[in-house]
Ligand SMILES: Cc1cc2nc3c(=O)[nH]c(=O)nc-3n(C[C@H](O)[C@H](O)[C@H](O)COP(=O)(O)O)c2cc1C
């Protein structure tokens, strides 16, 4: 299916009718309402390509943007907007992407890059790839197989998966679906009993760390999501497996959260604590002082505060403040291997992706998740080869330059 707004233009028309027609087609695309909707199709330049049509099979999918088109074609508007929306006018969402365009590669030549090692070690655990799956709740609303399918896709190549507090399946069910290492994402709650319940579930499922989301004192104003939920055909609220069996109304999110809560968390779990959502040097310093074990530079994929900075713009000050004492990860806007390379060059120890694997899940279930991860692994490897780097440790700021102007 071709997205609404471009349906009357075929690939054949685009390909075969000479320069004038090509210009007409490009002008038409630039006027398309789709381009005025951030987050729908990715950067405009990806549209001006001959492979514009939506791929017809998993094998045809070449990149994350194509997977996104298949996902859009398959999802109902409510589920689609649940994935792609940012807050308000989506400036934070956009900034996450444009931050990557501000950097160009400074590559080195005549380096033996016949063998590439993408392995990293995070919190004492060796991982074959620095690409982790960011937590995303309610995945059964995206694909009937939900998080177990994501786990199966991640397990194809051993990508670490962070399970959301609000996952459809419980963390135990997700654990049983595959072999990839797991972290558990914790939404704080004023109900300490609920937090203990969630921490116990994570520990019992063999999670290696707790990623506490600290960017959600309230819910972001995602208007597309709100608009389409009005016409929802959903019969029941989405399942939340981790909250089942808890005897009380689950209160998710705590606007009264402070740094003292970190002390409580450290006293109530034996697992390392990672803070997800730190974007400033001030908070990075406080986190180190509170003996936090790791940070994820994140703005929730542009779904919370409006007019925020792109996470890549926040990364250098956080990395400098931490000064190697704890691992720093980043998520938000990563769609290409070059994006991952840039984040690693600016000091990230690893990256997390959110929407890209959700597009894969929506499009082809576990196989789609596996495909997205394989695409990004291959793109990262290619970027490393072009840059003349054979290991993640060798990827340094000297491989980047700010785009002039
Ligand atoms: C549909 C969806 C659901 C999400 N659910 C959660 C969640 O339950 N907990 C959380 O900490 N972050 C959640 N996030 C944010 C992601 O963990 C991550 O920060 C973000 O998706 C990264 O940006 P990207 O989508 O551009 O890769 C969600 C994101 C999306 C798109």
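Eigenvalues of the alpha-carbon gyration tensor of segment 226-328, scaled by 5 and square-rooted, set the equivalent ellipsoid semi-axes at 30, 21, 11 angstrom, largest first. In segment 273-405, the alpha-carbon atoms span a convex hull of 133 Å³ per residue.
Scaled against 2.2 N^0.38 Å for its residue count N, the alpha carbon radius of gyration of segment 147-223 is 1.15. Considering only 144, 322, 111, the mean-square fluctuation computed in a Gaussian network model of the chain, springs between alpha carbons under 10 angstrom, is largest for 111. Highest mobility in the GNM of the chain, judged by mean-square fluctuation with C-alpha springs under 10 Å and restricted to 247, 153, 360, is found for 247. The Cα trace of segment 252-304 gives Rg and Dmax of 11.4, 31 Å, the first to one decimal, the second as a whole number. Of 249, 217, 190, the residue with the greatest mean-square motion in the GNM of the chain, using alpha carbon springs below 10 Å, is 249.
Projecting label points 7 angstrom from Cα along Cα→Cβ for residue 325 and residue 263 puts them 1.7 nm apart.
Based on Cα contacts under 8 Å between residues 6+ apart, the chain shows a relative contact order of 23 percent. Using the Stokes-Einstein relation with a Kirkwood hydrodynamic radius computed over Cα pairs, the translational diffusion coefficient of the chain at 20 °C and a viscosity of 1.002 mPa s comes to 98 µm²/s.
Size descriptors for segment 179-260 (Cα atoms only): Rg and Dmax, in that order, 15.1, 42 Å.
Where a number appears in this text, it was derived from the coordinates with a stated rule and is not lab data. This one's a predicted model, so the numbers in the text were calculated from it and none came from an experiment. Note: ideal-geometry Cβ built from the backbone for every residue, glycine included; neighbour counts use all protein chains shown.
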